[in-house]
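Every number in this text was worked out from the coordinates using simple rules, so none of it is lab data. Here the structure is a predicted model, which is why all the values come from computation and not from measurement. Every residue, glycine as well, gets a Cβ built from its backbone with ideal geometry; the counts of neighbours run over all protein chains shown.
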Amino acid sequence: MHYKAELEFLRKFFKNFHVSTSIICPKTPPISEFDLGLRRMISNDINYDLLISLNSNITRTNIIYRIHDEFFCNYICLQLPSDDIAPSHLVIGPYTTRNITKTLLLQLTARLSLTPKQFKQLQKYYTNLIMIPNEDMIFSIVTTFGECLWGGLENFSVETIDKRIPDSVEPVATRPDFQEPEEAFLTMQILEKRYEAENELIHAVSQGLIHKAEMVMMNKNFPSLEQRVSDPVRDIKNYCIIMNTLLRKGAEQGLVHPLHIDSLSSRFARKIEQVTSPEGGQTLQKEMIHKYCLLVKNHSMKGFSLLVQKVVTRIDSDLTADLSLKTHAKLLNVNASYLSTLFKKETGMTLTDYVNKKRIENAVFLLNSTNMQIQTIAQHCGIPDVNYFTKLFKKFIGKTPKEYKNQLS
């Protein structure tokens, strides 16, 4: 098909927004549950064939349908061009554009005469359903896809289907053949998605990919935002603690030394207990993701041998120590010449240059973030001779420490 690449892009786009997409083909039974099992949760006799593939309302070509269903869910649906007699449909959704409150769910439960157990499952379902308050951006992507399918905006139209529960609906729980839906299946699906999202986060952090980690963070499956305790502040603190633990594992998989991980983790553990609002907790979570990804970028030792890992960790842990090649070789009980060759091979620079680079990077940080005197900064960087410190600083930065400080002010 001529639109294969565009379709793959569209589905990947929605996947990153954590919105499900389904290709529903009548020739390939059984048809996937496009609503993520919502209707099956409410009633066991739902026929998904009739709802989508055989639904006469959406079988016309060159039309993009915006569907608002009777369960507060939104979908975008269109028939894909095909030479087959029974073409496939692309279904995007479900997602919601509003906050599904407990009151709304209670009204729906009463309307359909659902049981308390079904109401509890509905709460879980909507807790994990992505909310998109403004559809304009995602719909512009879909209409652009429509241009690719049909050759221009003038070649297709957009229609809205607004479904409502009819007044004469037969209450589900009063039907003679009604059976209480199985809760374990829904719970299992939610847990599977949550653990999948957690593993995606760990992997993204292990690679230092801030943008990918932030996209995972947008996923309502991570962590499940259902309220677990009555105090919302304690609730967000608990989720922050969970995230801190997951991010630690991500940094560990990124081969960051525990020395650095523990330092950052402890800092965030203190910050978590200082959170005073759910909004403050969410802001802290974003900061945690950002800082852990930077930690991996700056301190990952992937590709380093165990010897070089130990040298790099010792350098990072104390820039004021004796970091000479001779001292490192003695502490590690290896030949100095061998260590020197190995270090340059794996890092691309000599041990001396690496140490000087780290010391000057720390000097730049101290100049930017403190009012310390230049001589004091030199001492904190392990270079007591201020003249030598100035010479090194200019070599790496192109300015003397004094010139750099004056530029900041």
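Applied to segment 374-379, the Karplus parametrisation 6.51 cos²θ - 1.76 cosθ + 1.60 on θ = phi - 60° returns per-residue 3J(HN,Hα) values of 4, 5, 5, 4, 4, 5 Hz, with x for Gly and Pro. Work out the charge dipole of segment 308-350 with +1 on the Cβ of Lys and Arg and -1 on the Cβ of Asp and Glu about the Cα centre, then indicate which of Ser324, Thr313, Ala336 is farthest towards its positive end. Ranked along the dipole, the leading option is Ala336. The calculated P(r) of segment 327-406, using every Cα pair and 5 Å bins from 0, goes 3, 15, 23, 19, 12, 13, 9, 5, 1, 0 in percent.
Over 32 Å between Cα atoms, which of Lys297/Lys394; Lys193/Lys286; Lys326/Lys405; Lys163/Lys286; Lys249/Lys326 qualify? Over 32 Å apart, Cα to Cα: Lys326/Lys405; Lys163/Lys286; Lys249/Lys326. Phi angles across segment 262-271 convert, under the Karplus curve 6.51 cos²θ - 1.76 cosθ + 1.60 with θ = phi - 60°, into 3J(HN,Hα) values of 5, 4, 5, 4, 5, 4, 6, 4, 5, 5 Hz, Gly and Pro given as x. Would you work out which of Ser300, Ile261, Met218 lies farthest towards the positive end of the dipole of segment 191-342, given +1 charges on the beta-carbon of Lys and Arg and -1 on that of Asp and Glu, about the Cα centre? Of the options given, the answer is Ser300.
Can you give the FRET efficiency to the nearest 0.05 for Ser340 and Glu196, using r as the Cβ-Cβ distance and R₀ = 60 Å?
On the way: r = 46 Å, r/R0 = 0.76.
Using R0 = 60 Å, I get an efficiency of 0.85.
Centroid-to-centroid, using Cα positions, segment 258-303 and segment 93-138 are 33 Å apart. Mind giving me the FRET efficiency for Gln407 and Ser157? R0 is 56 Å, r the Cβ-Cβ distance, nearest 0.05 is fine. Once rounded, the FRET efficiency stands at 0.40. Semi-axis lengths, largest first, of the ellipsoid equivalent to segment 273-328 are 35, 14, 7 Å, with √(5λ) applied to each eigenvalue of the Cα gyration tensor. From the largest down, segment 229-317 spans 51, 19, 17 angstrom on the principal axes of its Cα atoms. Peptides 199-212, 147-160 ranked from most to least packed by the mean count of surrounding Cβ atoms within 10 Å: 199-212, 147-160. Gain on full extension, evaluated as 0.36 nm per residue between Gln107 and Ala269 minus their Cα-Cα distance, stands at 54.2 nm.
Along its principal axes, segment 253-409 has C-alpha extents of 56, 41, 22 angstrom, given from the largest down.
Given R₀ = 60 Å, what would the calculated FRET efficiency be for Thr327 paired with Glu214, taking r from the Cβ atoms and rounding to 0.05? Display every interim value, and only then the final one.
Numbers: r = 41 Å, r/R0 = 0.69.
Once the sixth-power term is evaluated, E becomes 0.90.
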